[in-house]
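Here the structure comes first, spelled out in structure tokens, and everything after it is commentary.
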Amino acid sequence: MRLITRKISARLSTRRRSRYAAPAVLVAALLAAGGLYVALSPADATNKADDASMIAKGRSLFQVGCSSCHGQNAEGIVTKRGKQYGPSLVGVGAAAVDFQVGTGRMPMAQPGVQAARKKPVYNQDEIDALGAYVQSLGPGPAVPDITQSDIDNADVVKGGQFFRTNCTACHNFAGSGGALPGGKHAPSLRGVSAKHLYEAMLTGPQQMPVFSDGVLSPQDKKDIIAYLKKNEATPSYGGFTLGSIGPVSEGLFAWIVGIGSLVGIGIWLTSSSTRSTKKKGDAA
Amino acid sequence: MSTSITTNGTKSATVAKGNKAGDAATWADERLGLAKANKLMSLRKVFPDHWSFMLGEIALWSFVILLLTGVFLTLWFKPSMGEVSYQGSYDQLRGIQMSEAYASTLHISFDVRAGLLMRQMHHWAAMLFIAAMLVHMMRTFLTGAFRKPRELNWVIGGLLLLLGILEGFAGYSLPDDLLSGTGLRIADGLVKATPVLGSYMSFFMFGGEFPGDVIIPRLYIAHVLLIPGLLLALIGAHMLLLVYHKHTQWPGPGRTENNVVGEPLMPIYMAKAGGFFFMVFGVVALMGGLMTINPVWRFGPYNPAEVTAGSQPDWYMGIAEGLLRIMPGWETHIFGITMSWNIFLPGQIGPIALFAIVLAYPFLEQWITGDKSEHHLLQRPRNAPTRTAFLAAMITLYGLLWAAGGNDILATQFHVSLNAITYFMRGAIFVVPVIAFILAKRWCISLQRHDNDKLLHGYETGIIMRSPEGGYSERHLPIADARAYKLTARERDEVYQGVNGTDANGVDAPNARVDGLRARLSRAWFATNVQKPTVAELEEGHHHAEAELEYEHAAGLDHQADGHQYDGRHDVAGDDLTHKH
């Protein structure tokens, strides 16, 4: 065996200075890369025949509502200073469109460091059409199927652990959101639909990093969502939450409600002393 | 008494049967000497009445609530960092490995009857305890109640505040949730920033590398025994000195440096204070029942790899947090040693310096003003403009650092840039307190001027007079005597001149430089103050008012318009202010 390999390598070695050696290696490498890509790339890019009309509808919607920033063919617009006016959407996938347009972040009401969540401008059919168009430009994550068959408490607990490890640093322990540098922020997660939560993790909108399926598997993502939904369904055991933003609001209430009312009570106690029970009109 | 005592009766005299309460009191007195103790610390001790004297009491009653609820919590809390698997009622954490401290905190919150209420009352009471101490301290400062002979009681109060903050921080760290662990991590950083010794100190504190497994038991014994014991002892000393010095009072007719006018301790003040305890308890119970504080179950167990946005200390550590957050990242390396100025300055030097100023203040002020006499009458804040302005500057600094400590919350709630807040604060903490000082001082001085105007020219009646020439003026009337007494019941400020120049032999006076500094400070302290009018000025003012009235009478005004129609000094029945055309 060792002899054979040595023989082959010896033969290859003698040819390594051949004129065809470099092109041959190049071709082999290209074939290997291409083959691997075909084998491993997401399979969402397949178009069905009836998608063609969707794509056409999406394209026409896109050209009215999106192209002024993202360009006529969603190739993005670069400003004179080399900054992005609107990024290219080739390859972002339908999931990104569904999140950005579905949560009202796109189209943006005004330029700013970050697009704010607001009432969606498009209905779900239009969003799907826009998504189909963007998906047709290049392969990207498709709108995920988040139907959950059976979630037991262990999944919720595991989701909580993933949440604390990956999410609380920006989104706060209760998903109330938090500040990021330069006026950016991590938004609140309360009242966000499961689908949009999943899409945000999958596509990493705005400041958020992408949590690809290699980092957080689809099951992990669903567990995190289950944890958040469980928290939303859990009553607030301690009373009013005071915003669930940590000790700052607690201190505010301690001073305003606590010290405020106790000083008021102190004023009341000292104003109604035995001396002040005298009637009006009594001699001083 | 039915069985009246007769000396020459046929039967022997019998002692009247007392009532049960009296019997009990006699029984106790014969064994405990209560009557003597009563004489020693008279229950007829008089306390003056003013709302601002109740602020310290809020702190006292909060402390009592802390003791009560704290004892309840110790019955279930397990101060151990041993790992257990949580199997309690809270679904979201079931099966997770955590320390016994955190697991028992969850147990108290969810599986002990009224446990969560007690936890929340304990935490709210702690917030109020320190806040009330601070407010009480501000009152004492603003009214000059810390002056001789009460300087040491001020120092005791300062120590109580420091101990209260340490006690609060220890309690904040005990549940071993993500938030308290993050707080301990910052404490670890502060300790490690000590030059040369830092890492050794941290290792001793945590029994090895952070977080170790001994810090929770150690903090626990400090939290339930050491610091509360010290607090209790110092509170006792604080109150004993209060009784010994007698309470300060506001000046007024009949109130002098040698008496106290107010209600006796028994029964009136006891009833008030006792009632106030229940009020404080009620407020704390309502807060504990209605408002979530430190929802430890949402934070999860501490894990050094995790952190949450909005990690903040409780409010009383907010200024230290603010200093840390706005400090530029300065660091130097000398002989292989890293000097973390970015943590050492704001985390150690800053708070220690601030605290030293607080403790030393009564002595500093005394040195500058040279005031060595006893004071039992309070000063109105306006009559000590420099001191009041100093506190205004300090409050401003405190507020700015507080805001800096919550910069992320400000950024998200008010949609401002986090960086902009930080850069603004770096300049503002130096500039804005100075502006506050100047404004407060000018404000005090103008209020002093206003007081003098009232004394010399009377109060503004709101009655506009038109003179025969057609000019308009507002009628002023003399203020009541009691009011005038209050306004003038203060001493004149004397600027310390210093021992100037040289003696006959041309030798400089001893300590001339220090003395010169003291004289300059004294001038800065007092020179712009407005002094109360002299007797001559007051008499001239009265004379002027009377002369003016006489002039009007002589001028033959067709109706009395001296303004007394409105202050009840003479009847208005005959007066008619309508036009008589």
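The values are calculated or read from the model by the stated rules, or taken from the named source; none is laboratory data. As the structure is a computational prediction, the values presented were derived from the model and not from experiment. In this analysis, Cβ positions are derived from the backbone assuming ideal geometry, glycine residues included, and neighbour counts consider all displayed protein chains.
Annotation: A:GLU232 fulfils all but one of (1) at the interface with another protein chain (Cβ under 8 Å from one of its Cβ atoms); (2) in contact with a Gly (Cβ under 9 Å, 6 or more places away or on another chain); (3) surrounded by fewer than 19 Cβ atoms within 10 Å (Cβ to Cβ); (4) not polar (S, T, N, Q); the unmet one is (1). Condition test on A:ALA200, is it buried (at least 18 other Cβ atoms within 10 Å of the Cβ) and either more than 7 Å from chain B (Cβ to nearest Cβ) or more than 29 Å from A:VAL97 (Cβ to Cβ) (or both)? Answer is yes for this residue. Consider B:THR461 carefully, then state whether it is among the β-branched types (Val, Ile, Thr), away from chain A (no Cβ under 11 Å) and part of a strand (DSSP E or B). When the stated conditions are applied, B:THR461 passes them. Residues in the stretch B:330-347 that are hydrophobic (A, V, I, L, M, F, W, C) and in a strand (DSSP E or B): 3 in all. For the stretch B:304-324, state whether one or more residues are within 14 Å of another protein chain (Cβ to nearest Cβ), surrounded by fewer than 17 Cβ atoms within 10 Å (Cβ to Cβ) and of a type outside the set (D, E, K, R). Yes, some residue in the stretch B:304-324 is within 14 Å of another protein chain (Cβ to nearest Cβ), surrounded by fewer than 17 Cβ atoms within 10 Å (Cβ to Cβ) and of a type outside the set (D, E, K, R).
The set of residues in the stretch B:298-325 that are touching a Ser or Thr at 6+ places or on another chain (Cβ under 6 Å) and assigned to a helix (DSSP H, G or I) is empty.
Conditions tested, residue by residue: (1) within 20 Å of the chain's Cα centre (by Cα); (2) outside any loop (DSSP other than H, G, I, E, B); (3) among the hydrophobic types (A, V, I, L, M, F, W, C).
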{"position": "B:ALA360", "(1), (2), (3)": "yes, yes, yes"}
{"position": "B:GLU374", "(1), (2), (3)": "no, no, no"}
{"position": "B:ARG382", "(1), (2), (3)": "yes, yes, no"}
{"position": "B:ILE395", "(1), (2), (3)": "yes, yes, yes"}
{"position": "B:LEU410", "(1), (2), (3)": "no, yes, yes"}
{"position": "B:PHE424", "(1), (2), (3)": "no, yes, yes"}
{"position": "B:PHE430", "(1), (2), (3)": "no, yes, yes"}
{"position": "B:ALA436", "(1), (2), (3)": "yes, yes, yes"}
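For the stretch A:238-245, does any single residue satisfy the condition of being in contact with a Lys or Arg (Cβ under 8 Å, 6 or more places away or on another chain), modelled with pLDDT under 90 and at the interface with another protein chain (Cβ under 8 Å from one of its Cβ atoms)? Within the stretch A:238-245 (the criterion being in contact with a Lys or Arg (Cβ under 8 Å, 6 or more places away or on another chain), modelled with pLDDT under 90 and at the interface with another protein chain (Cβ under 8 Å from one of its Cβ atoms)), the answer is no, since none of the residues qualifies. Taking the listed residues B:GLU83, B:GLU57, the one that is within 14 Å of chain A (Cβ to nearest Cβ) and not aliphatic (A, V, I, L, M) is B:GLU57, with no other qualifying.
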